[in-house]
Every structure is written in C-alpha cells, then in structure tokens.
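Asks: Structure in structure tokens, see below.
The values are calculated or read from the model by the stated rules, or taken from the named source; none is laboratory data. On a predicted model such as this, the values are computed, not experimentally measured, just so you know. We place every Cβ from the backbone using ideal geometry, glycine too, and count neighbours over all the protein chains shown. The accessibility values were calculated without ligands, DNA or RNA, using every heavy atom of the protein model including side chains. Shrake-Rupley method; radii C 1.70, N 1.55, O 1.52, S 1.80 Å.
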Amino acid sequence: MIRILFLSALFFRPVCLLLAGGITEAMIFPVDFQRGLYSVTENHPYVIIPKIRGDRNALFADPPGFFIELPEPVKVIRCCTRIGKQEDIPYVSEEFTRNGRKYSRYKIRLPKAELLRANPDTYPSWRAGFQIYLQARKGSAGLSEKVSWGYEQQGKTVLEKEFLLNVLPEITPPPSMFEKFRVGMNYYPSAGHEDDSILKKQVGFWTAISRKPYCNFTWEYYRFPKKNIAFLDEKCNLYAFSWACIHSTMILQDSDCDDLGFFVKHKVTRPGVPLFVDRDGKVNPSAICPQYLMTDPEGLFYGDYLRRALEKMKKWAPGIDTFVIDYEPNADGGTCDACRKDFSRFAGLSQVPSRQEILPGKPLNRKWKEYKIRQNTIIMNKIADGVRKQFPGMKLSFCTTELKPWKEVADSWDAVDARALDAKTDFFSFMIYCTGLPYYNYVKYSVENLKHARSLPWIDPSEEEERFFVRYSPEKIRQNMIASLALGAMGIQFYPMDAMDGRRMSIVNDTAAVLAGVEKIYLGRDMSGQLKCRALNSSEMKLFDDKGNFVSLEYPDFSSQVKTHLHEKNGEYILTLLNYSSEQGYLKIAIPGFRGDGVYAADLIGKKGYAGLTGEKIKNGFIVEVPAEGSAVIRISGKECDDPQITQESLENRVKQLRDRMAEKNQFYRPRQDGVRAVQWRTLKKKPMITLIHGENYVSVNPETGGRVEEWSVGKHTVTGLPEGALGQTFFFDPAQPASMEFSVSGVSLEGPLPSITLTASIRTGTSAVGNDNPLAGLILEKRIALDESGKVIITDTFRNPTGRTMRFGFRTRNIPFSVWENRGIVPRVTLNDRPVEANVYLRKDAKIDWYAAKGAVPCPDDISVKLTAGKSEIRFGFPGAAGVYFWKNNVLHTVEPLYSEVILEKDGTASVEQSISFTHP
C-alpha cells in the first residue's frame with residue numbers, strides 16, 4: 001500500500017479559483033510563464049499579452065478594464081488586437097508617484113473580441129488576448145521595479161497582480177553577421193499594423209544577425225498593409241506556408257480558389273470528393289480522405305489548386321522562393337471504409353478490420369502505423385511533385401517532427417517518415433521544440449542521416465503553451481544555437497513569433513555575435529574525430545555486464561552529457577564544449593594533430609583565457625572548464641586574449657579538491673552482503689546501476705536518471721525492464737522544474753526483513769528551465785527503495801526544505817510497469833478499484849491539481865487501488881493518499897502514475913509519500 005506521512009510544517013493546499021466580477025483567472029504572457037519576472041532592453045519594443053478566463057455573460061454585462069502601472073522610463077507605445085490586421089485599442093494614462101519614483105497608470109478597455117474568447121475552464125492558449133508593446137528609454141538600464149496590473153469594474157479593482165520588471169542595456173548589433181548559417185524569426189504580428197515603426201525595429205534585430213532570415217508568408221498576410229509585406233519581402237527570405245495538421249489535407253486558405261471547392265470557409269464543397277473520417281468515425285467537413293489525396297484523380301489538387309495559391313502569394317511577395325508545408329497528421333485518423341479496405345489489402349488480412357481493432361494497444365495497430373507511414377509518404381511525394389511541376393526551381397521544405405529511426409517512426413503519433421522524402425526535399429524544417437541533450441541528439445541524427453536535404457531545426461521559446469515555453473532558458477537557447485552550428489545544421493529558426501523578453505533576446509544577440517565572428521572556422525575542416533576528451537569529474541568503475549563481460553564505465557557518467565567538437569581553418573581552431581550535466585565540467589582535452597606553438601586559447605562565451613599553453617600541451621592534453629548546463633566556445637589561435645586568464649595549475653587544484661570529495665562516497669560503490677540480502681553494482685543499458693538483492697528477487701536502480709528502478713525481477717520473472725520499463729521517478733507539475741534529477745547513493749541497509757538503498761538529490765539554484773531563481777532551489781529529495789522477501793518493492797519519497805522560505809509544489813510518480821519491444825497479442829488491462837478503465841487522468845472528487853494534463857479528469861473513488869494485468873501476470877498498486885492516478889500508453893509501454901495535490905512546505909518542513917508494488921504470476 002501507499003501511505004502519506006504528514007510531518008512537520010506540512011499541509012496539502014487545494015487549488016481554487018477566485019471569482020472577481022466574471023473573471024476567474026488572469027495572466028500575462030510571457031510574464032507568468034517566467035514566474036513573475038520580465039525584462040526589456042533599452043530602446044527596443046517588447047510585447048506582453050494579457051489573457052483572461054471567466055464567465056462570458058458576466059463579462060459582457062459589466063465589461064472590465066485592464067490596467068498596468070509602469071515606472072517612468074518604461075512606456076506603453078502601442079495597444080492593439082492580435083488576430084489578422086492589428087487594430088488599435090484606445091488607452092489613457094495618468095502619472096503618479098510611488099516611493100519617490102514617477103509611475104504611469106495605463107487604463108485599457110477590453111475589446112469585445114477578447115471577451116468572446118474568454119473561456120471558463122482553460123486559457124485559450126493559441127493567439128488569445130491582446131497585445132501591449134512596451135519600450136524603455138535609452139539610459140534606463142539597471143532599473144528593477146515591481147509592476148502592478150489587473151482589472152477594474154465600475155471604478156473598483158477586482159483583480160490585481162504584480163511582476164518584477166528589469167531594464168537591461170541596449171542591444172548592440174554584432175560586428176559581423178552570419179553569411180551561411182540561417183537564423184530567423186517565424187512571424188511578426190506587428191506586420192499587421194499600419195504604423196511600421198515597431199516592425200522595422202523587430203526585423204532589424206534579426207537582419208543584423210543573419211542575412212535574409214527566413215520568415216513565413218501565410219493567409220493572414222492578405223489582411224496586412226501591403227507596404228509591410230513589401231518590407232518583409234525585401235529584408236527577409238519569405239516562404240509560402242501551408243499546413244496539413246491532424247489530417248493529411250494541404251490547406252491553402254484564402255487562395256481565391258473557392259470555385260475548386262477544396263477549402264471554402266473551412267469546408268470541402270467539391271462534389272464527389274470524399275471527406276476525412278477520424279479514429280472515432282466522425283466526419284471532418286474541412287478535410288479530404290487520404291485515398292483521394294494519394295491519387296488526385298482529377299489532377300486539380302496538386303495542379304490548379306496549388307498553382308493558383310502560390311501565384312497569389314508570389315504576387316504579394318515576389319521574392320518567395322520556397323514552399324514550406326507543416327505536415328503532421330495524426331496516425332490514428334483516416335478510418336473511412338475505403339481506407340480500412342485499402343489497409344486490409346496492405347496488411348494481407350482476410351477481412352476489413354473495425355476501427356476498434358486498429359486503435360493503439362491493439363494487435364493490428366503496428367501494422368496500421370506502417371500503412372499510415374506509406375500513405376503519408378505517397379501524399380508527401382504528390383505535394384513535392386506538384387511544387388516541382390508548377391514552379392520549377394522553387395525550393396521545398398517539409399516542416400515535420402524530428403527525423404527518427406524507423407522503429408521510432410512506427411511508434412510515433414504522426415507516422416511521418418521524413419527520410420523517405422530526402423531526395424525530393426531541399427531542407428527539412430524539423431520542429432524539434434526542446435533543449436539540452438535531446439535537442440543535440442535530434443539535430444545530430446538528422447545531419448548525419450540525411451543524404452540530400454539539409455536540416456533546419458526549429459525551436460519555440462515564445463510558445464504560448466507553458467509546458468513548451470518553460471523548456472527554454474536563456475542559456476539553453478544559447479546551447480541550441482551553438483549545437484546547431486557545430487553539428488552542421490543550415491541554421492536555427494525561432495517559432496512562433498517575436499515575443500521573447502529582453503534576457504532571451506540579449507542572449508540570442510550575444511551568442512550570434514560570438515558565432516558569426518568564427519563562422520568561417522566552423523565551416524572549415526571538421527576535426528572532431530581527432531579530438532581526445534576525458535572527463536575529470538568522474539571515477540572509473542569496472543563492472544560485469546549481462547553477458548559476463550568485464551567493462552569499464554565512468555560514474556557519474558559525465559562524458560555522455562558533455563559534447564565536444566573541433567573545427568579548423570587556416571591554422572585557427574574552434575573547440576566547442578556543450579555541458580548538459582548539472583555539474584561544472586572539468587575536461588582534459590588533447591588535439592594530437594595540432595600544429596603550431598606559442599598559442600592563445602580564449603573562451604569567447606565565458607570571456608576568459610587559458611594561460612601558459614604551448615603546442616606540446618595542446619597535443620598531449622590540457623584542462624578546460626565548462627559551466628553546469630552551459631557552453632564554451634574556445635578559439636585557439638595566435639590572437640592574444642585580453643580577458644582574465646586562468647592557469648593550468650589552478651585548474652589542477654580544483655580537480656584535486658573535487659576528487660577528494662568524490663572519494664568520500666566510494667564506500668557505497670563496494671559490494672555488500674548479509675545472508676540472502678546484498679547490494680552490488682552492475683551495468684544495464686550501458687549505464688552503471690546499483691542493484692538491491694533479496695533472495696531470488698532484485699531491483700536495479702539508475703541514480704543518474706531520477707533514481708528510478710530500471711529493472712525489477714521477481715523469481716524467474718523480469719517484471720519491469722527493457723525497453724523502457726521503470727518505477728518510482730518523481731516529476732513535478734511545474735514544467736519549469738528539471739525533467740530528470742541526478743541522484744547519488746547516500747545509504748545502504750541490509751539489516752532486518754526489508755533491505756534498502758537510499759538516494760539523495762537536491763534542486764540547485766538556476767535549474768529552473770525558464771532561467772529564473774528557482775522557487776524550489778535547495779529542496780532535498782530522498783528516495784528509499786526497499787525490497788521484501790516476496791519481491792514487493794516499497795518506494796518512499798521524502799521532501800525536505802532546509803531553506804528559510806516556503807516551498808509549494810505538486811508532483812506525480814511515474815511507474816512504467818509494462819514495456820515490450822513488440823506487442824505479440826499481450827494487451828495490458830488496467831482496473832481502478834476493480835473497474836476496467838482506459839488511459840486517462842482520474843481524480844478524487846474533492847481533489848484539485850495544477851497540471852495541464854488534468855483538464856477534464858474523470859472522477860474516481862477516494863480509496864485508490866490499481867491492478868495491471870498482462871497475460872497471466874498481475875501487478876498491484878495502492879494509492880490511498882494520492883489525489884488521483886494517471887494512465888498513459890502506446891505500443892511500447894503502459895504507465896501507472898499516482899498524482900499528489902500541492903504541498904506547502906514551510907522552513908525545515910518534511911513530507912513523505914510511500915508506495916508499494918507487488919507482482920504475482922500463477
């Protein structure tokens with residue numbers, strides 16, 4: 001069972017909504033996603049977007065007004081709508097004094113369109129709200145003041161919040177711009193306004209970084225002033241943009257093709273064209289059946305329809321030379337009778353399957369995915385052929401999810417195999433939309449595996465959905481930019497719009513200034529294969545793997561989290577270091593093929609030099625450092641460095657101190673045994689893991705990846721393991737928190753009937769994904785994993801707050817008890833309190849949690865018990881203290897995840913939750 005222990009200074013707080021004159025909640029994007037911190041730079045326009053949710057009827061009955069109070073150097077320079085052509089929203093301002101500083105209070109009456117978009121349940125995340133442009137005057141850098149904002153009704157304040165506004169120095173354009181590497185912003189809402197002053201400043205930022213940056217041209221531009229389109233066409237490389245999302249139908253909106261009937265006021269009206277049918281059998285009137293799209297029987301869809309749409313776009317923007325289509329259909333759609341009949345022929349079935357038989361988790365689903373991949377490949381080829389035929393010489397780009405190995409394509413939600421279009425595509429616009437090591441690996445894989453097309457990764461640091469936005473911090477944006485250039489991508493594209501704050505804009509500019517200055521070296525000789533690198537942060541462990549081989553591994557596994565590159569041109573070298581670990585990195589670097597002597601090494605990012613290097617030292621090895629979750633771009637050349645110098649002797653002393661601290665933990669690396677209870681280290685998935693043994697049962701735990709159990713064996717049954725099985729990993733609901741923490745072993749106990757291992761981790765300052773001071777910095781997590789003689793696993797998670805401030809957090813514990821390489825007819829079945837349930841979120845009736853996935857949760861009983869059955873095997877869970885439980889599944893795995901309401905932890909407070917997981921097999 002699971003029990004929650006209420007210890008000192010702890011209570012769970014339910015989430016509630018405050019009703020204020022029809023407004024239930026309000027936010028400002030991106031201020032709220034940045035935890036109440038917002039920055040601007042001098043003399044540049046920045047946009048904030050207020051949004052509300054509430055009761056529409058109450059809002060219309062008494063329309064509220066918005067107000068914001070800004071310190072004197074910062075002004076509102078525009079307030080306007082944001083859909084289509086920007087219309088001014090009138091506002092008034094009045095001056096007042098607060099704490100001796102002059103302020104202006106701006107009052108804005110909400111437009112009716114915004115009231116119509118108010119939603120009682122969720123924020124309308126996609127382009128809701130209105131836009132307020134702020135600008136700080138020159139000379140105001142250093143200002144840091146609280147800003148109040150809120151809503152008024154009938155002269156009274158009904159809702160008020162505040163955030164901290166910082167003014168940063170004016171951005172200085174880089175001394176040189178990228179010549180080959182493309183850096184661009186996808187969309188400028190300010191292009192919809194008659195006054196082009198803001199647009200010119202925003203575009204000027206990007207054109208100072210990259211020559212002719214990419215920018216999209218879509219249907220919305222037909223509502224924009226033509227002079228602004230002409231300006232964008234002159235300064236940017238506009239591309240014609242279309243999309244095929246959810247379904248496979250290429251949408252060319254407002255293309256003056258209504259007579260063809262393919263997309264008329266969001267409906268397909270052409271006689272004889274079959275409509276798209278989704279996974280549940282529902283007809284989509286705005287989309288076309290894939291059978292028609294694969295054949296285009298009339299020759300019109302990829303003929304006149306495409307030609308006329310592109311001709312109109314080029315008439316508005318003659319410089320358009322590229323067609324980009326956002327192609328990301330859901331793999332489970334397109335289930336009409338004709339599609340399922342075609343599928344039965346493809347799969348060699350004796351009869352046409354029902355929709356239920358091809359759903360995820362069903363035996364035919366994998367074959368259905370393969371069919372959808374083939375279907376999408378045919379349609380994408382038709383699009384490519386249509387573009388080439390209608391507009392010879394026009395470049396083509398498919399905007400898709402990241403390039404993946406075939407197995408991952410077959411498991412993906414969109415079933416798009418981009419590699420199949422390699423020969424017909426000029427470049428892929430990969431929506432990678434992440435940071436850190438995953439971003440690096442996705443870009444690396446695409447660059448190495450595309451043979452014809454190039455890779456243009458997209459990132460979304462101004463995304464209006466919090467779980468995406470908070471993946472980025474200024475430093476993580478920098479890492480993505482450096483990784484893209486070092487790996488050989490053609491550039492990096494920012495999505496969706498110009499709405500980043502001053503810190504993010506500043507780091508984009510500063511990083512571009514460094515990289516553009518050495519771009520020619522990056523485009524020279526890639527010597528990364530000749531580079532030798534050894535992490536000095538870790539110790540060597542010699543362990544046996546599952547095949548009995550004696551292998552040597554690093555622990556902690558630092559090297560796998562640090563990526564290194566070396567480029568050279570005309571005797572100048574660029575050493576690139578990307579540290580994706582939460583630890584400061586100390587590396588010994590050797591360049592055996594280095595030529596020269598009397599050199600200087602300058603870290604252009606860290607603004608420091610490495611003193612006393614010689615050609616011999618560079619060949620044989622020298623020490624460098626790279627910040628935790630940071631980067632270093634080190635130029636090795638004959639150019640002197642004016643920055644502060646660091647010696648090899650001082651670095652050697654730091655490494656020695658680090659190794660002395662590591663030696664104190666070596667006691668936990670030695671095997672121990674007490675009768676049938678033992679602890680030993682082993683390798684699993686090429687990682688060192690600590691294994692707890694009790695009789696014929698064992699669990700192997702990965703300290704470095706969330707302290708989770710990665711293999712669980714009961715007797716002769718390996719219950720949880722490859723490919724993705726795991727138990728007991730903690731995830732906070734706040735998406736800005738680290739997705740996976742690195743634990744270390746802090747205790748081993750083999751006494752009594754319940755042997756255990758204890759692991760500890762802490763959340764560090766600056767580890768919030770948005771780059772602010774982390775409100776949970778200093779929180780200590782202790783994970784105790786115990787194993788009884790029957791093989792039952794008991795996991796106790798304890799949270800300790802040693803800081804002097806109150807901490808608030810909600811969390812879930814991810815268990816993946818079922819995971820298989822290929823489902824051979826074994827379909828896991830889950831019961832919640834003995835009632836069969838589907839994958840979903842289930843919450844107790846009185847429970848509230850602040851998690852995006854919990855919207856529309858299904859009510860469940862207070863006493864939560866779960867059973868997962870797969871074939872004859874049965875795994876039992878009990879979560880009586882949880883607020884609810886979440887189940888998720890795909891072809892490879894099925895999760896069982898208890899959810900916990902918000903915890904408020906006062907100074908020195910402690911909270912614990914405990915769960916047990918048991919297995920039976922007849």
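Asks: At each listed q (0.06, 0.08, 0.10 Å⁻¹), what is the log10 of I(q)/I(0) that the Debye formula gives for the chain modelled as equal alpha-carbon point scatterers?
Replies: Scattering profile of the chain, log10 relative to I(0): -0.47, -0.88, -1.43.
Asks: Which pairs break 32 Å Cα to Cα here: 395/444; 200/569; 372/845? Walk me through the numbers before you get to the answer.
Replies: Numbers: 395/444 23 Å; 200/569 36 Å; 372/845 40 Å.
Those over the limit are 200/569; 372/845.
Asks: Please give the length that would be gained between residue 554 and residue 780 if that part of the chain were fully extended, namely 0.36 nm times their separation in residues minus their C-alpha to C-alpha distance (nm, one decimal). Numbers along the way, then the final one.
Replies: On the way: separation 226, 0.36 × 226 = 81.36 nm, distance 2.49 nm.
Using 0.36 nm per residue and subtracting the Cα-Cα distance, I get 78.9 nm.
Asks: Within a Cβ distance under 12 Å of residue 83, other residues only, what is the Lys/Arg minus Asp/Glu net charge? List each step's numbers first, then the result.
Replies: Values: positive: 82, 85, 117, 127, 223; negative: 87, 114, 220.
Net local charge, residue 83 excluded: +2.
Asks: Let me ask something additional. In whole percent, and with a 1.4 Å probe on the protein chains, what portion of the accessible area of the stretch 340-489 is carbon and sulfur?
Replies: Values: 2720 of 5400 Å².
Roughly 50 percent, rounded to a whole number.
Asks: Hey, what D do you get for the stretch 182-523 in µm²/s if you plug the Kirkwood alpha-carbon radius into Stokes-Einstein at 25 °C and 0.890 mPa s?
Replies: Details: Rh = 21.1 Å.
Translational D for this selection: 116 µm²/s.
Asks: Okay, moving on. Please compute the Kirkwood hydrodynamic radius over the stretch 747-877, one decimal place, Å, based on all pairs of different Cα atoms. Kindly include the intermediate steps, with their values, before the conclusion.
Replies: Values: mean 1/r = 0.0545 Å⁻¹.
This gives a value of 18.3 Å.
Asks: Still on this model: Could you work out the Rg to Rh ratio of the stretch 670-920, with Rh taken as the Kirkwood radius (inverse of the mean 1/r over all Cα pairs)?
Replies: Result for the stretch 670-920 is an Rg/Rh of 0.96.
Asks: Right, here's the next one. So how many Å³ per residue does the convex hull of the Cα atoms of the stretch 159-279 work out to? Each step should come with its number before you reach the end.
Replies: Working: hull volume 27.7 nm³, N = 121.
Once divided by residue count, the hull of the stretch 159-279 is 229 Å³.
Asks: Can you give the FRET efficiency to the nearest 0.05 for residue 653 and residue 888, using r as the Cβ-Cβ distance and R₀ = 45 Å? It would help to have the intermediate numbers written out before the result.
Replies: Numbers: r = 49 Å, r/R0 = 1.08.
Between residue 653 and residue 888 the formula returns 0.40.
Asks: Give, in whole angstrom and from largest to smallest, the semi-axes √(5λ) of the equivalent ellipsoid of the stretch 60-165, with λ running over the eigenvalues of the Cα gyration tensor. All intermediate terms of the calculation are to be shown ahead of the outcome.
Replies: On the way: eigenvalues 131, 55, 34 Å².
In descending order the semi-axes read 26, 17, 13 Å.
Asks: Right, another one. Rounded to the nearest 0.05, what FRET efficiency do residue 788 and residue 845 have when you use their Cβ-Cβ distance and R0 = 51 Å? Could the numbers behind the result be given before it?
Replies: Working: r = 33 Å, r/R0 = 0.66.
Taking R0 as 51 Å, the efficiency between residue 788 and residue 845 is 0.95.
Asks: For the stretch 314-405, how big is Rg over Rh, using alpha carbon atoms and the Kirkwood form of Rh? Numbers along the way, then the final one.
Replies: On the way: Rg = 17.2 Å, Rh = 15.5 Å.
Ratio of gyration radius to Kirkwood radius: 1.11.
Asks: Antiparallel DSSP bridges in the chain: what percent, to the nearest 5?
Replies: 80 percent
Asks: Can you compute the helix-only [θ] at 222 nm over the chain? Use -39500 (n - 2.57) per DSSP H run of at least 4 residues, normalise by all residues, nearest 500 deg cm²/dmol.
Replies: Numbers: 16 runs with 166 residues, N = 922.
Roughly -5500 deg cm²/dmol at 222 nm, from the helical runs in the chain.
Asks: Where the only charges are on Cβ atoms (+1 Lys, Arg; -1 Asp, Glu), what is the dipole of the chain about its Cα centre, to the nearest 20 debye? Walk me through the intermediate numbers first.
Replies: On the way: 122 positive and 110 negative charges, 205 e Å.
Rounded to the nearest 20 debye, it is 980 debye.
Asks: Using only protein heavy atoms and a 1.4 Å probe, report how much of residue 478 is accessible, in Å² to the nearest 10.
Replies: 40 Å²
Asks: Give me the percent relative contact order of the chain, please, defined on Cα pairs under 8 angstrom at least 6 residues apart. Mind showing how you got there, number by number?
Replies: On the way: 2167 pairs, mean separation 96.5, N = 922.
The normalised contact order for the chain reaches 10 percent.
Asks: Residue 234 to residue 808: extension gain in nm, 0.36 nm per residue of separation minus the Cα-Cα distance? Please report the intermediate quantities before stating the final value.
Replies: Working: separation 574, 0.36 × 574 = 206.64 nm, distance 5.03 nm.
This chain segment gains 201.6 nm when fully extended.
Asks: Of 844, 764, which has the most accessible area with a 1.4 Å probe, and how do the rest follow in descending order?
Replies: Values: 844 45, 764 90 Å².
Greatest to least solvent exposure: 764, 844.
Asks: Using the Cα centre of the chain as origin and beta-carbon charges of +1 (Lys, Arg) and -1 (Asp, Glu), tell me which of 299, 537, 406 is placed farthest towards the positive end of the dipole.
Replies: 299
Asks: I would also like to ask the following. Accessible area of the stretch 670-920 with a 1.4 Å probe: how many percent of it is carbon plus sulfur? Spell out each step's value before the answer.
Replies: Details: 4610 of 9810 Å².
After summing per-atom areas, the C and S share lands at 47 percent.
Asks: Here is a follow-up. So who's got an amide H within less than 5 Å of the one on residue 275, skipping anything under 5 residues away but keeping other chains? H placed 1.01 Å off N, in plane.
Replies: 289
Asks: Can you work out D for the stretch 655-732 in µm² s⁻¹ from Stokes-Einstein, where Rh is the Kirkwood radius over C-alpha pairs, the temperature is 37 °C and the viscosity is 0.692 mPa s? Provide the component values of the computation, followed by the final result.
Replies: Values: Rh = 13.8 Å.
D, rounded to a whole number, is 237 µm²/s.
Asks: Ranked from the most accessible area to the least, with a 1.4 Å probe and all protein chains present, what is the order of 195, 422?
Replies: On the way: 195 75, 422 15 Å².
Sorted descending by solvent-accessible area, the residues read 195, 422.
Asks: How much length is gained on full extension from residue 395 to residue 330, taking 0.36 nm per residue of separation minus their Cα-Cα distance? Don't jump to the answer; show the numbers that get you there.
Replies: Working: separation 65, 0.36 × 65 = 23.40 nm, distance 2.59 nm.
Length difference between fully extended and current span is 20.8 nm.
Asks: At a probe size of 1.4 Å, how large is the accessible area of residue 243, to the nearest 10 Å²?
Replies: Taking all protein chains as shown, residue 243 has close to 60 Å².
Asks: To continue, here is another question. Around residue 544, which amide H atoms from residues at least 5 apart in sequence, or from another chain, sit under 5 Å from its own amide H, with H modelled in the peptide plane?
Replies: Result for residue 544 returns 551, 683.
Asks: Something else: Can you give the convex hull volume per residue for the Cα atoms of the stretch 685-802, as a whole number of Å³? Walk me through the numbers on the way to the answer.
Replies: Working: hull volume 13.2 nm³, N = 118.
Hull volume normalised by residue count: 112 Å³.
Asks: Still on this structure: Find the accessible area per residue for the stretch 670-920; the probe is 1.4 Å, ligands and nucleic acids are left out, and the unit is Å².
Replies: On the way: 9810 Å² over 251 residues.
Counting only protein heavy atoms, the per-residue value for the stretch 670-920 is 39 Å².
Asks: So for the stretch 182-523: antiparallel DSSP bridges make up what percent, rounded to the nearest 5? Could you put the intermediate results ahead of the total?
Replies: Details: 5 of 34 bridges.
For the stretch 182-523, the DSSP antiparallel bridge percentage is about 15.
Asks: Using the heavy atoms of the protein chains and a 1.4 angstrom probe, tell me the accessible area per residue for the stretch 23-168 in square angstrom. Kindly include the intermediate steps, with their values, before the conclusion.
Replies: Details: 6050 Å² over 146 residues.
Accessible surface, normalised per residue, equals 41 Å².
Asks: Okay, which of the stretch 843-860 sit inside 19 Å, backbone N to the point 7 Å along the Cα-Cβ direction of residue 833?
Replies: Only 843-849, 856-860 fall inside the zone, counting backbone N under 19 Å.
Asks: Under a 1.4 angstrom probe, counting protein chains only, how are 800, 109 ranked by accessible area, largest first? Walk me through the numbers on the way to the answer.
Replies: Working: 800 90, 109 145 Å².
Heavy-atom accessible area, descending, gives 109, 800.
Asks: Applying the Karplus parametrisation 6.51 cos²θ - 1.76 cosθ + 1.60 with θ = phi - 60° to the phi angles of the stretch 54-64, what ³J(HN,Hα) value in whole Hz is obtained for each residue in order, glycine and proline being reported as x?
Replies: x, 8, 4, 4, 5, 5, 5, 5, 9, x, x
Asks: What figure in square angstrom, to the nearest 10, would you give for the accessible area of residue 554 with a 1.4 Å probe?
Replies: Near enough 50 Å² of accessible area.
Asks: With every protein chain kept in place and ligands, DNA and RNA left out, what is the accessible area per residue of the stretch 449-533? Probe 1.4 Å, answer in Å². Before the final figure, lay out each step's value.
Replies: Numbers: 2450 Å² over 85 residues.
With the other protein chains kept in place, the stretch 449-533 gives 29 Å² per residue.
Asks: What FRET efficiency would be calculated for the residue pair residue 101, residue 55, taking the C-beta separation as r and a Förster radius of 51 Å, to the nearest 0.05? Could the numbers behind the result be given before it?
Replies: Values: r = 37 Å, r/R0 = 0.73.
For R0 = 51 Å, the calculated efficiency reads 0.85.
Asks: Have a look at the stretch 561-666 and give its Rg and Dmax from the Cα atoms, expressed in angstrom.
Replies: 13.9, 47
Asks: Moving on. Please report, in cubic angstrom per residue, the volume enclosed by the convex hull of the alpha-carbon atoms of the stretch 429-556. Spell out each step's value before the answer.
Replies: Numbers: hull volume 22.3 nm³, N = 128.
So the per-residue Cα hull volume is 174 Å³.
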